[in-house]
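Data block below; observations after.
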Amino acid sequence: MTKCKELRTIVRDAADDMGIGGVMALNKLCTELTYERVSKVWHGNTSAKFCDVEYVLSILNITIRWSAK
């Protein structure tokens, strides 16, 4: 069974696994987003756009499945 985690925990754990030391290092890899938008995803801000979350996770080699009910 999949464990439920907060977005920021998923992003930070994946970044740590890839040797990315923080939001500034992640921002350098996310060339298509501004620091502010990467930071929202890093901090798990609920105002982060879905497309930004998906982009940052793709940089971290994580795929996401969206489902609508």
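The values are calculated or read from the model by the stated rules, or taken from the named source; none is laboratory data. Being a predicted model, the structure only gives us computed values, none of them experimental. Heads up, the Cβs are rebuilt from the backbone with ideal geometry, glycines too, and the neighbour counts pull from every protein chain shown. Heads up: the accessible areas ignore ligands, DNA and RNA and are worked out on the full protein's heavy atoms, side chains in. Shrake-Rupley method; radii C 1.70, N 1.55, O 1.52, S 1.80 Å.
Given a 1.4 Å probe and the protein chains as shown, Met24 ends up with an accessible area of around 120 Å². Candidate cross-link partners of Lys69 among the lysines, defined by an alpha-carbon separation under 28 Å and a same-chain spacing of 8 or more, comprise Lys3, Lys5, Lys40, Lys49. The GluC sites (Glu not before Pro) of the chain meeting both criteria, a DSSP state outside H, G, I, E and B (loop) and at most 13 other C-beta atoms within 10 angstrom of the site's C-beta, are Glu6, Glu32.
Under a point-charge model restricted to the Cβ atoms of Lys and Arg (+1) and Asp and Glu (-1), what is the dipole moment magnitude of the chain relative to its Cα centre, in debye to the nearest 20? Show your work: numbers first, answer last.
On the way: 10 positive and 8 negative charges, 51 e Å.
Computed about the Cα centre, the dipole is about 240 debye.
The value of relative contact order for the chain, using C-alpha pairs under 8 Å at least six residues apart, is 29 percent. The computed percent of Cα pairs over 21 Å apart for the structure shown corresponds, within (i) 41; (ii) 35; (iii) 16, to (iii). Annotation: per residue accessible area for the chain equals 75 Å², rounded to a whole number [probe 1.4 Å, protein chains only].
Applying 1/(1 + (r/R0)^6) with R0 = 30 Å to the Cβ-Cβ distance of Trp66 and Tyr35 gives a FRET efficiency near 0.75. Per-residue ellipticity at 222 nm, computed for the chain from helices alone with -39500 (n - 2.57) per DSSP H run of at least four residues, works out to -14500 deg cm²/dmol. Taking chymotrypsin sites (Phe, Trp or Tyr not before Pro) across the chain, the ones in a DSSP loop with at most 10 further Cβ atoms lying within 10 angstrom of their Cβ are Trp66.
Taking a spot 7 Å from the Cα of Asp17 along the direction of its beta carbon, which residues of segment 35-69 have an amide N less than 12 Å from it? Backbone N within reach: 60-63.
The trypsin sites (Lys or Arg not before Pro) of segment 27-66 that meet both conditions, a loop assignment by DSSP and at most 16 other Cβ atoms within 10 Å of the site Cβ, are Lys49, Arg65. Using a 1.4 Å probe on the protein chains only, how many percent of the accessible area of the chain belongs to carbon and sulfur? Percent of accessible area from carbon and sulfur atoms in the chain: 53.
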